[in-house]
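The values are calculated or read from the model by the stated rules, or taken from the named source; none is laboratory data. Since we're looking at a predicted model, the values are computed, not measured. Methodologically, a virtual Cβ is constructed for each residue, glycine included, from the backbone with ideal geometry; neighbour enumeration extends over all protein chains shown.
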Amino acid sequence: MTSAPAAPIAQPQSWFGRAESWLDARGKGAWIAAMVLSFIFFWPIGLALLAYMIWSKRMFNSSCTMSRKSRHQNFRSSGNTAFDAYKADTLQRLEDEQRAFEEFLERLRAAKDKSEFDQFMDDAAEARKSERVAKEADAES
């Protein structure tokens, strides 16, 4: 007779662990609602909850790209294959356009950062040069 593997024994959770699991099951909106309500009733708890949400990355745990992809992959069929194909193509085209636009914005930000850094370096070099000229003029006097 073979024995079946034992089911893992659930460890009793603290009230905090149960509350965290309950809020996680309901999503980001439940966390935000809990934070707002705690700010209304007793602000230190709201502040602590906000700090916990930021520290544990609860506010940033799912990115927009993940939700876009999951929505695209999980759309229901309308029953019309031609429409479903058109819908899939359109959604794919829109996602490609959005990805290209986000890449463009990233390149634009990088170019702006580079130009600002180059300007800073030019200003610093000019300041050093004028400082050197001033010291040489003082030395000659």
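Worth a mention:
Here's the yes/no breakdown for (1) among the acidic types (Asp, Glu); (2) at pLDDT 85 or above; (3) within 24 Å of the chain's Cα centre (by Cα):
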position: 16; (1), (2), (3): no, no, no
position: 20; (1), (2), (3): yes, no, yes
position: 27; (1), (2), (3): no, no, yes
position: 46; (1), (2), (3): no, yes, yes
position: 63; (1), (2), (3): no, no, yes
position: 73; (1), (2), (3): no, no, yes
position: 84; (1), (2), (3): yes, yes, no
position: 91; (1), (2), (3): no, yes, yes
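Matching residues to (1) surrounded by fewer than 10 Cβ atoms within 10 Å (Cβ to Cβ); (2) assigned to a helix (DSSP H, G or I):
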residue	(1), (2)
79	yes, no
82	yes, yes
88	no, yes
98	no, yes
101	no, yes
106	no, yes
112	no, yes
124	no, yes
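- Near pairs, Cβ below 7 angstrom, 6+ apart or cross-chain, from region 22-39 (closer than 10 Å to residue 50 by Cα and assigned by TED's automatic domain parsing to the domain that holds residue 56) to any residue that is surrounded by 13 or more Cβ atoms within 10 Å (Cβ to Cβ) and acidic (Asp, Glu): none
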